1. Expressed as a whole number of Å, what is the distance separating the alpha-carbon centroids of the range 219-285 and the range 114-152?
2. Counting only heavy atoms of the protein chains, get the accessible area per residue of the range 44-150 (1.4 Å probe) and round it to a whole Å² value.
3. Just order 270-277, 133-140 by mean Cβ neighbour count inside 10 Å, highest at the front, would you?
4. Hey, what's the range 166-258 come to in accessible area per residue, 1.4 Å probe, Å²?
5. If you keep only loop residues by DSSP, which trypsin sites (Lys or Arg not before Pro) in the range 220-285 have at most 16 other Cβ atoms within 10 Å of their Cβ?
6. Please give the charge dipole size of the range 159-244, origin at the Cα centre, charges +1 on K and R Cβ atoms and -1 on D and E Cβ atoms. Round to the nearest 20 debye.
7. Report the one residue of 194, 182, 168 whose Cα lies farthest in the direction of the positive end of the charge dipole of the range 161-227 (charges on C-beta: Lys and Arg +1, Asp and Glu -1; origin at the Cα centre).
8. Explain nothing, just the number: dipole magnitude of the range 117-213 about its Cα centre with +1 on each Lys and Arg Cβ and -1 on each Asp and Glu Cβ, in debye rounded to the nearest 20.
Amino acid sequence: MSKTLRKIAFKIRHAPLLEKYNWFWDFLRKPYHQFLNLLHHTNGVKFEINRQITINLPPAYTATQWQDYEPEHTAFLINWVKSNPKALILDLGCSTGYFSAICLFASEQATVIAFDSDLQSLQSTKNMAQFAKGNRLSLIYGFVSAESTTGFNVQTAIEDTNTLLASAKLSGKPGTTKYINLDHTHDKEIPTNSIDTLFKEEEITQTVLIKCDVEGAEFYVLTGAKEFILKHQPNLLLSVHPDILPVFNHSVKMIKDFLFSLAYSYEIIAIDHEEHWFCKPGQKE
């Protein structure tokens, strides 16, 4: 019933004569979500993604056509998690939390640590994943870069983030999240962590995937994760931004050279508004 209802609502919302009346849709949005809540108050609204998995989302997050978002990238991620069901996924630049939720629903044994420099985005991620089974999602607030300004280990960073979220009492609802990147923020209160510092003392037995979408700051992330990469040999799912990298005086060649220096190979699995690279240990012949 809810799937049919969402299709009808989407068609009406985007009808040529009605689409421009935002005030009308703002008026209807709350009762529409309340009705969906009545139908799905215990397990969320079901979305089929790429005919591969079904995820359950809170009604407030159902306006986006998630099944159409970065389909090749999403399909690759789902297949990877299914092939590595007990994996640890580091979701760097988790934004609204869609990919974190994808990973948690793709395998009931996978764990995710989601990172973002916007607290509302972390709350959104928590909301998006609330119907995934088990307590398998952790959140870390701040930038991920080449050096750490906090000195936090991973557990301290998670605890600090939980404290901040509890005191901030944020909603994380659609429309509240912000894009905050290293190139245009002057907020010195946002912490910066590096993967090497966070995980320096950690013993990890799981297969690891670093999924990274940090809008041009990916070279900083990689250089700050060099020791982690050498020790744990994670797979990397990088969103590479050729047009934004120069903002940080970086280039695609710098990323390639860094990967090759660690004996990693890469392949481009999809291109949309960015390039999606899958990188793994072992250079191609």
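The values are calculated or read from the model by the stated rules, or taken from the named source; none is laboratory data. Everything quoted here is computed from the prediction, not taken from an experiment. Every residue, glycine among them, receives a Cβ derived from its backbone with ideal geometry; neighbour counts consider all protein chains shown. Side chains are part of the model used for accessible areas, which takes the heavy atoms of the whole protein and leaves out ligands, DNA and RNA. Shrake-Rupley method; radii C 1.70, N 1.55, O 1.52, S 1.80 Å.
1. The range 114-152 and the range 219-285 have Cα centres separated by 22 Å.
2. Details: 3840 Å² over 107 residues.
Value returned for the range 44-150: 36 Å² of accessible area per residue.
3. With the highest mean Cβ count within 10 Å placed first, the list reads 133-140, 270-277.
4. For the range 166-258, the per-residue accessible area is 52 Å².
5. Passing both the DSSP loop test and the Cβ count: 284.
6. Dipole magnitude for the range 159-244 comes out near 240 debye.
7. 168
8. 580 debye
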